[in-house]
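Q: One structure is given below, represented as structure tokens, and several questions about it will come after.
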Amino acid sequence: MSTLHPGQLVMVDIEGTSLSAETAAFLREYRIRAVCLFRKNLGTEAEVRKLVADLREVMGPKSLIGIDQEGGSVIRATFLPQAPAAMALGAVGDEALAEQVGAGVARGLRSLGINWNFAPVLDVNNNPANPVIGERSFGEDPALVTRLAGAWMRGSLREGVACCVKHFPGHGDTHVDSHHALPTVDKSLAELEALELIPFRALADEAPAVMTAHIVYPQLDSEHPATLSKAVLGGVLRGALGYQGVVITDALMMKAVHERYGHARAAVLALAAGADMPLAQGSRAEQAAAIAAIGAALASGELDEGALAQACARIDALAARFPALPGHYHPRQREADEALMRDAWARGLVALAGAQAPAKGTRLRVITQQSVASDGVSEAGLTAGDVEALFEGFDDVEFALLPDLSALRPDDLPQDGRFTVLVSNQRLRYGADARRCRPDLHLVLWNPYQVLDVPAPSVVTWGYATGALEAMHDWLEGRVTATAHAPVRLDVCNGV
């Protein structure tokens, strides 16, 4: 009879900002040792520390407590020093800075007892229409991605937090978000080796964990997405790349997988394909069903007990190397990390097409979106009030608040002598009508590829965290210059 417990192979999510008795009992009953925290779980810093401590007490010394703390728009613990987006670091191009930022992120997480960060992103973003990666990538050059992501990861590992590079074998050339549908990338293995796989191959010996992509690569496997594909995980990742670390799936609740395979079946298929740990979110009943399906597949012989024992050993080794121990964030170190992140955001500012800040006495009209809700991947965008604060140093500012900037039309920009500043606080690309719009200045506070939609002098921040806003505020008031260089091509409109 097998002594392997399927719950040891599964990562789940939980409800609430504290550990309820019911959830604790569930974790104990199914011997679960891995939990991913999301925005819904993060209350105050003290509450998070208590939650993490309670989870470790229930799950034991081999606990793995994960989170998405990439930087930029994907930061769950917003009370910690907020790191710049990967593409902001790509704009700076400084390996030492990337390593310092990765270390700073890890120090904050480690102080909470979190020991696994699902970062950095190794996707090479070479598709401007990509709706989900974009500025989360370090750039479109695989050598730059490798260099900076490797440095970021080394900083994190040095500070005692496991990294998880993602999304294998590459999510940078999609135009569909796998949270909502199943993308396809029709490339041969040779084409993937020439671009997407370069960072994964280069960092395979250093990355302690890899997260899979819910993408079909029909020339490798015409039936299954990479997460569930033996050809991709077994043949390419384990075989061709020789990867020996932990392989975790992206969330199986994402529509790209869930609508086609169901939660429980997908967990079995992922393990059969070569993954070590399915990320099985959902209700307790759904999580229990996934664990039960793994147990049944193990009993029937569909899943090989020896292979699952190896998977469990890899996960054990990860937990032993990066224990989820409570830490302390010394106030002076925290202050230094805050300064580090602010400096990194400021260094990443990019000005295009001769963008210059308006003079203080200029009569301004600022156009922005009223509010921007979270899409479940990124945090909520800036409110209009946050945008208004950028212009507090100007005396004559008229604000025009639109419900949806992606539907921008020329009629939204009156030509009455005011200097028009278009401030993009949302992620979607603009519609076709935006090409006929002529703002005097375009401030892009999130998706850099919006520059391609509006022919105007532009400044790109790569994100909207506090450090990005401070940098933009300082640029508008002439205290900093934007001297970085975009790590992706932003040169379609007006030669910018």
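The values are calculated or read from the model by the stated rules, or taken from the named source; none is laboratory data. For clarity, every value in this text was computed on a predicted model and none was experimentally measured. FYI the Cβ positions are ideal-geometry reconstructions off the backbone, even for glycines, and counts take in every protein chain you see.
Q: Among the candidates Gly108, Gly104, which residue alone is under 15 Å from Asp343 (Cα atoms), crowded, with 24+ Cβ neighbours inside 10 Å and in contact (Cβ under 8 Å) with a residue 60 or more places away in the chain?
A: Numbers: Gly108 fails: under 15 Å from Asp343 (Cα atoms).
Among Gly108, Gly104, only Gly104 is under 15 Å from Asp343 (Cα atoms), crowded, with 24+ Cβ neighbours inside 10 Å and in contact (Cβ under 8 Å) with a residue 60 or more places away in the chain.
Q: For Thr368, only one of the following conditions fails: (1) under 27 Å from the mean Cα position of the chain (by Cα); (2) in a loop (DSSP other than H, G, I, E, B); (3) among the β-branched types (Val, Ile, Thr). What is its number?
A: Only one criterion is unmet by Thr368, namely (2).
To keep it simple, each residue is scored yes or no on (1) closer than 23 Å to Asp250 by Cβ; (2) in the same structural domain as Pro278 (by TED's automatic domain parsing); (3) in a helix (DSSP H, G or I).
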site	(1), (2), (3)
Ser18	no, yes, no
Val35	yes, yes, no
Arg49	no, yes, yes
Ala53	no, yes, yes
Arg56	no, yes, yes
Lys62	yes, yes, no
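Q: Mind checking which residues of segment 381-417 are in a loop (DSSP other than H, G, I, E, B), out of contact with any Phe, Trp or Tyr (no Cβ under 7 Å at 6 or more places or on another chain) and buried (at least 16 other Cβ atoms within 10 Å of the Cβ)?
A: Of the residues in segment 381-417, the ones in a loop (DSSP other than H, G, I, E, B) are 381-383, 390-396, 403-404, 408-409, 413-417.
From the residues that got through so far, the ones that are out of contact with any Phe, Trp or Tyr (no Cβ under 7 Å at 6 or more places or on another chain) too are 383, 390-396, 403-404, 409, 413-417.
Those that are in a loop (DSSP other than H, G, I, E, B), out of contact with any Phe, Trp or Tyr (no Cβ under 7 Å at 6 or more places or on another chain) and buried (at least 16 other Cβ atoms within 10 Å of the Cβ): Thr383, Leu390, Phe391, Phe394, Leu413.
Q: Continuing with the same structure: Among Ala320, Ala357, Ala297, which is crowded, with 17+ Cβ neighbours inside 10 Å and closer than 26 Å to Val247 by Cα?
A: Numbers: Ala320 fails: crowded, with 17+ Cβ neighbours inside 10 Å; Ala357 fails: closer than 26 Å to Val247 by Cα.
Exactly one residue qualifies, and that residue is Ala297.
Q: Does Tyr243 count as outside the structural domain of Asp68 (by TED's automatic domain parsing), surrounded by fewer than 24 Cβ atoms within 10 Å (Cβ to Cβ), modelled with pLDDT of 95 or more and over 20 Å from Ile32 (Cα atoms)?
A: Working: outside the structural domain of Asp68 (by TED's automatic domain parsing): no; surrounded by fewer than 24 Cβ atoms within 10 Å (Cβ to Cβ): yes; modelled with pLDDT of 95 or more: yes; over 20 Å from Ile32 (Cα atoms): yes.
No.
Q: Could you check, for segment 44-57, whether at least one of its residues is small (Gly, Ala, Ser) and in contact with a Phe, Trp or Tyr (Cβ under 6 Å, 6 or more places away or on another chain)? Give the derivation first.
A: Start the filter on segment 44-57 by keeping residues that are small (Gly, Ala, Ser), which leaves 46, 53.
With in contact with a Phe, Trp or Tyr (Cβ under 6 Å, 6 or more places away or on another chain) added as a condition, the list becomes none.
The answer is no, given that none of the residues of segment 44-57 is small (Gly, Ala, Ser) and in contact with a Phe, Trp or Tyr (Cβ under 6 Å, 6 or more places away or on another chain).
Q: Going residue by residue through segment 460-471, is there one that turns out to be part of a helix (DSSP H, G or I), over 14 Å from Ala357 (Cβ atoms) and among the hydrophobic types (A, V, I, L, M, F, W, C)?
A: Kept after step one, since they are part of a helix (DSSP H, G or I), are these residues of segment 460-471: 466-471.
Restricting the remaining residues to those that are over 14 Å from Ala357 (Cβ atoms) gives 466-470.
Now narrow it down to the ones that are among the hydrophobic types (A, V, I, L, M, F, W, C): 468-469.
Looking through segment 460-471, at least one residue is part of a helix (DSSP H, G or I), over 14 Å from Ala357 (Cβ atoms) and among the hydrophobic types (A, V, I, L, M, F, W, C).
Q: Then there's this: Given the options Ala285, Ala231, Ala324, Ala307, name the one that is assigned to a helix (DSSP H, G or I) and under 19 Å from Val12 (Cα atoms). Working first, answer last.
A: Numbers: Ala231 fails: under 19 Å from Val12 (Cα atoms); Ala324 fails: assigned to a helix (DSSP H, G or I); Ala307 fails: under 19 Å from Val12 (Cα atoms).
Result: Ala285 is the single residue among Ala285, Ala231, Ala324, Ala307 that is assigned to a helix (DSSP H, G or I) and under 19 Å from Val12 (Cα atoms).
Q: In segment 418-440, what count of residues is obtained for those that are closer than 25 Å to Ala468 by Cα and assigned to a loop (DSSP other than H, G, I, E, B)?
A: The first filter runs over segment 418-440 and keeps only residues closer than 25 Å to Ala468 by Cα, leaving 419-430, 434, 438-440.
Cutting the leftovers down to assigned to a loop (DSSP other than H, G, I, E, B) gives us 425-430, 438-440.
Residues in segment 418-440 being closer than 25 Å to Ala468 by Cα and assigned to a loop (DSSP other than H, G, I, E, B): 9 in total.
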